[in-house]
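Enquirer: Here's a structure for you.
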Amino acid sequence: MAGLGTVLSVGAAGRVFSVTNTAMMAPAILGGRSALDHAKWIKWPVWNPETDEKRVLEVLRSGVWSRSTVVSEFETEWAKILGVKRSLAVVNGTNALIVALNQLHIHAGDEVIVPPYTFIATIQAILANSAMPVFVDIDPETFQIDPSKIEAKITSRTKAILPVHILGLPADMDRIMAIAKKHNLVVLEDACQAPLAEINHKKVGTIGDAGCFSFQNSKNIAIGEGGAIISNSDEFMDRCFSFQNLGYPYGSTIGTVSNSSVMQGTKVRFTEYQAAIGLAQLQRLDEQTTKRNLNAGYLKKIMSEIPGILPYKLYDNVTRAAFHLFAFRYKKELFKGLSRDKFLKALQAEGIPAQGGYIPLNTQPYLEQTFRSVAYKKAYPAEMLDFNKFKERNKCRNNDQVCTEAVWIPQNVLLAEKSDMDAITFAIEKIHGNAEKINNTI
Ligand SMILES: Cc1ncc(COP(=O)(O)O)c(C=O)c1O
């Protein structure tokens, strides 16, 4: 029953919201009451001093801060959670990708197939190994690499496919693996945003030859910085271990440093205090993931009733997503031409920390600069390094469009209550109903 002063508001999609006064029906950006309290979202990262600090303090007080037993414990735990044989923690997800590509033997002269809808680190990891990114367009409904467009991009130089489970939503791995098998390509999964996401109950990252994760501060497993490589191949993982530890041989005693290096390497080792933080974060991951799935599913259902709001789609075989971000496409035509920028401002005024997401990575100056380097000139014919021709070959029209339409809501919002998902939808309804007014005022 509506209480005193309560108004029933019918939104654009016919949903009925009860609001306590008419001021709440005006969009916050035009002076109405915001749909949500800005301060209410769960502060990220979650940290519980009582349960989480004991291990971290033990490490700090032990004076053993470089890689040792706590890192090994974290790796064992992460591998167990994923159902994979081995895990190797390193300084961040970027270096996890760099090391993994290197030890999958991706080097100068090789091409790596990759989607343009990703964080720059994915592409930088390819360039760090002197390889050539080949961009394959995305499916705008799922935001993931479109498998139907991969085969046309395979050449005699293609060595790997690097699918990215972007937004924490699984890419279409069944089709990607079939293509890789047919063309004898290695598959490295960038699962940096997708811990615990699953396809047919199999965790992403464990499907290809290897997978990489990120534990950067905003990620679903937040350590500040951190990353991991996972694989079922002992031989590959031993080489990764050695490579991230200056090429020292990797034996059965984890953390042992021999005095003779057996291969080229770098030093990107994880630390004990990072691992202690990570062990605390892993305790919460499953429960948080369940909550994100429930809230995302509900939010998607109610939000998609609003004209012009097109939430992400999952492939049929996805059994769980990680929801690093809740994403939808915003069609301004159905919001009286209100630009995405203004829509975002209006959402933020309602207390929703929404962002616009990625810009196209296949046309940016970092590529041109790399192609001008001596190393690239030695490894590739001039034709391949002509930037205009590169951009022409790597056009991704769906991605260009998605980059202008995407709206992201960060994962910590999905840890709130179901009623908050209603409030988010109500906020969008308000904006929808007042789109023309907003457009003319701000
Ligand atoms: C898709 C993707 N790949 C790679 C990375 C790199 O991870 P990191 O920031 O830990 O280096 C990130 C995260 O930042 C990411 O989102």
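Enquirer: Give the residues of segment 90-113 that are more than 15 Å from the chain's Cα centre (by Cα), within 15 Å of the ligand (Cβ to nearest atom) and outside any loop (DSSP other than H, G, I, E, B), sorted by residue number.
Expert: Val90, Asn95, Ile98, Val99, Ala100, Leu101, Val112
Enquirer: Sticking with this structure for a sec: Just need a number here: residues in segment 132-171 that are outside any helix (DSSP H, G or I) and either within 16 Å of the ligand (Cβ to nearest atom) or polar (S, T, N, Q) (or both).
Expert: Going through segment 132-171 one residue at a time, the tally reaches 20.
Enquirer: Related question: Give the residues of segment 165-184 that are among the small types (Gly, Ala, Ser) and either surrounded by fewer than 24 Cβ atoms within 10 Å (Cβ to Cβ) or closer than 23 Å to Leu282 by Cα (or both), sorted by residue number.
Expert: Across segment 165-184, the qualifying residues are Gly168, Ala178, Ala180.
Enquirer: Across segment 185-220, which residue is surrounded by the fewest Cβ atoms within 10 Å (Cβ to Cβ) among those that are among the β-branched types (Val, Ile, Thr) and not in a strand (DSSP E or B)?
Expert: Among those that are among the β-branched types (Val, Ile, Thr) and not in a strand (DSSP E or B), it is Thr206.
Enquirer: Being over 21 Å from Cys403 (Cα atoms), among the polar types (S, T, N, Q) and in a loop (DSSP other than H, G, I, E, B) is the filter here; which residues of segment 356-379 pass it?
Expert: Passing the criteria: only Ser373.
Table: residues versus (1) under 23 Å from the mean Cα position of the chain (by Cα); (2) within 12 Å of the ligand (Cβ to nearest atom).
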position	(1), (2)
Pro195	yes, yes
Glu198	yes, no
Gly211	yes, yes
Gln216	yes, yes
Ile221	yes, yes
Gly227	yes, yes
Ser242	no, no
Gly247	no, no
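Enquirer: Also, quick follow-up: If I ask for residues that are more than 16 Å from the chain's Cα centre (by Cα) and either touching a residue at least 60 places away in the same chain (Cβ under 8 Å) or surrounded by fewer than 21 Cβ atoms within 10 Å (Cβ to Cβ) (or both), which ones from segment 114-128 would you list?
Expert: Selection gives Leu127, Ala128.
Enquirer: Same structure again: Take Arg86 and tell me if it is of a type in the set (D, E, K, R), in contact with a helix residue (DSSP H, G or I) (Cβ under 9 Å, 6 or more places away or on another chain) and more than 16 Å from the ligand (Cβ to nearest atom).
Expert: yes
Enquirer: Mind listing just one residue for me: the one in segment 33-61 that is in contact (Cβ under 8 Å) with a residue 12 or more places away in the chain and among the small types (Gly, Ala, Ser) and, of those, surrounded by the fewest Cβ atoms within 10 Å (Cβ to Cβ)?
Expert: Per the criteria, the residue is Ser34.
Enquirer: So which residues in segment 51-89 are among the β-branched types (Val, Ile, Thr) and in a helix (DSSP H, G or I), if there are any at all?
Expert: Hits for segment 51-89 are Thr51, Val56, Val59, Thr69, Val70, Val71, Thr76, Ile81.
No lab work stands behind these numbers, since they all come straight from the coordinates. Only a predicted model underlies this, so the values are computations on that prediction, with no experimental measurement involved. Reconstructed Cβ throughout: ideal geometry from the backbone, glycine too, with neighbour counts over all protein chains shown.
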